[in-house]
Amino acid sequence: FNIFRIAKNEMEFGVSTTKPEDSDFYINSNFFEEGGQPIGLVVVDGLRHSDRIAGGGYFYVVNGVPHVRVGQCPAMTEFASQSKFWVLNDGVKNQRLLNAESSKVLTERIIIGEDSKGNIMVVGTSDSNSATIEETIDFAIQNGMVEAILLDGGSSVDYKFKDTTSEYIVKSLPSVIKFFRGIVEPPVYICGNYK
């Protein structure tokens, strides 16, 4: 797994409906329908691009501060991205999700959340490695994550993290292969740039 920890005041976070190539950090977020329509709430610069769905969890930014929360997102946010599935709430695993057959499938996985100090954390499989949802959650818990949502995995995995010493770029499939296989690129990204 790759793991990244970002202090809330270290980066300006946002949500984008296009791949933010020039950001220091980006990660695909919302699950989406076959035609590429995101499932769940998407807010960019205070403007709503899609509506909430019942359940799940949120990444959102209010007054420049990012949050990851299960089941709640303020009505007025600068940026928001909703996941269909939450994985950790105050350190407790989502057993209902873990009991689902799809959670046992080995594929590329990514989750975003917070540690007990409120730092933003990202855990993802690395270099086309595969894991179950529970393996991913267990690794995140071992490294201090207490709140988390599951982001779209499998062929959607696409993330970048750049710091002062290195740059990690992980993509489950190159765009050209996705194009020829008819796989839609992710329609929503969580992103950030160092202040």
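The values are calculated or read from the model by the stated rules, or taken from the named source; none is laboratory data. On a predicted model such as this, the values are computed, not experimentally measured, just so you know. FYI the Cβ positions are ideal-geometry reconstructions off the backbone, even for glycines, and counts take in every protein chain you see. Each accessible area value is taken on the protein alone, full model and side chains, heavy atoms only, with ligands, DNA and RNA left out. Shrake-Rupley method; radii C 1.70, N 1.55, O 1.52, S 1.80 Å.
Here's the picture: charge each Lys and Arg Cβ at +1 and each Asp and Glu Cβ at -1 in region 72-160, and of Asn119, Val157, Trp86 the one pushed furthest to the positive end of that dipole is Trp86. The residue among Ser166, Gly192, Ile133 whose Cα reaches farthest toward the positive pole of the charge dipole of the chain, with charges on the beta-carbon of Lys, Arg, Asp and Glu, is Ile133.
Applied to region 53-68, the Karplus parametrisation 6.51 cos²θ - 1.76 cosθ + 1.60 on θ = phi - 60° returns per-residue 3J(HN,Hα) values of 10, 6, x, x, x, 9, 9, 8, 10, 10, 6, x, 9, x, 9, 10 Hz, with x for Gly and Pro.
Of Lys104/Lys162; Lys8/Lys171; Lys8/Lys178, which ones are farther than 29 Å apart at the Cα? Working shown, then result.
On the way: Lys104/Lys162 31 Å; Lys8/Lys171 25 Å; Lys8/Lys178 33 Å.
Pairs exceeding 29 Å: Lys104/Lys162; Lys8/Lys178.
Evaluating 6.51 cos²θ - 1.76 cosθ + 1.60 at θ = phi - 60° for every residue in region 19-36, the Karplus couplings come out as 5, x, 3, 8, 7, 6, 9, 8, 8, 4, 10, 3, 5, 8, 6, 3, x, x Hz, glycine and proline recorded as x.
In plain terms, if you count all Cα to Cα distances in region 83-158 and split them into 10 Å steps from zero, the share in each step is 21, 57, 21, 0 percent. In a reduced charge model with +1 at each Lys and Arg Cβ and -1 at each Asp and Glu Cβ, the chain shows a dipole moment near 220 debye about its Cα centre.
Give, to the nearest whole percent, the P(r) tail of region 117-192 beyond 21 angstrom, counting all Cα pairs. Show your work: numbers first, answer last.
On the way: 1015 of 2850 pairs.
The share of Cα pairs beyond 21 Å in region 117-192 comes to 36 percent.
When you restrict to C-alpha pairs under 8 Å that are six or more residues apart and normalise by the size of region 50-90, the relative contact order lands at 43 percent.
Using heavy atoms of the protein chains and a probe of 1.4 Å, the accessible area assigned to Cys73 is about 20 Å².
Before I look further, what does region 1-155 give for accessible area per residue, probe 1.4 Å, in whole square angstrom?
Values: 6980 Å² over 155 residues.
On a per-residue basis, 45 Å².
Dipole size in debye (nearest 20) for region 71-138 around its Cα centre, Lys and Arg Cβ +1, Asp and Glu Cβ -1? So the magnitude is around 220 debye.
Mind listing P(r) for the chain? All alpha-carbon pairs, 5 Å bins, whole percents. Result returned by the calculation: 1, 8, 17, 23, 23, 17, 8, 2, 0. Between the listed residues Gly71, Val43, Thr18, the Cα displaced farthest toward the positive end of the dipole of region 1-85, a dipole computed from Cβ unit charges relative to the Cα centre, is found at Gly71. Rolling a 1.4 angstrom probe over the chain with all protein chains present gives an accessible area of which 50% lies on carbon and sulfur atoms. Measuring between their Cα centroids, region 1-55 and region 117-150 lie 17 Å from each other.
From most to least packed by mean Cβ count within 10 Å, the peptides 51-58, 36-43 give 36-43, 51-58. Principal axis extents of the C-alpha atoms in region 25-79 (largest first, rounded to whole Å): 34, 25, 20.
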